[in-house]
Amino acid sequence: MAKKLHSDLVNSGLAGMYQMRPITNDPNLAKFLGKKVKYKKELLADPDFVNSHGTVIQETFLVSYVQKDYYGNDVLRGFITSWNDTFGSCLNPSEIEIVN
């Protein structure tokens, strides 16, 4: 499922800074790679979660990479499927579910 990093990510320095890569040895993260995901429905009812994530919580994401977050933990990078999202969003695997 190797997908080339978009030039926006490379040119901005985000790809290198967050060590984005299309593969992982972590089975919990690997199960999401290449899949469409959404935030879990129960999180959409939490006002604090909605406030911190904004309107993108309603979107479907295509998970394309694993990356490091601000704390150095491996997380996922997903791209909104309803428009040409070249930067994507950092996704916590505990907050998302696969869309069938």
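The values are calculated or read from the model by the stated rules, or taken from the named source; none is laboratory data. A quick note: this is a predicted structure, and the numbers were derived from the prediction, not measured. Counting neighbours? That spans all protein chains shown, and the Cβs are built from the backbone with ideal geometry, glycine included. In case anyone asks, the SASA skips ligands and DNA or RNA and just uses the protein heavy atoms, side chains included. Shrake-Rupley method; radii C 1.70, N 1.55, O 1.52, S 1.80 Å.
Each residue in the range 71-100 was checked for being farther than 19 Å from residue 11 by Cβ, small (Gly, Ala, Ser) and in contact (Cβ under 8 Å) with a residue 12 or more places away in the chain, and 2 pass. Within the range 56-100, being more than 26 Å from residue 7 (Cβ to Cβ) and among the hydroxyl-bearing types (Ser, Thr, Tyr) holds for 71, 94. For the chain, the helices (runs of 4 or more DSSP H) that sit wholly inside it and include 3 or more residues that are at pLDDT below 95 and open to solvent by less than 80 Å² (accessible area, probe 1.4 Å) are 7-12, 14-17, 47-53. Whenever a residue of the range 5-33 is within 16 Å of residue 69 (Cα to Cα), its partners that are crowded, with 16+ Cβ neighbours inside 10 Å and among the acidic types (Asp, Glu), lying with C-beta atoms within less than 7 angstrom and at least six residues away or across chains, give the pairs 24/74; 26/74; 29/74.
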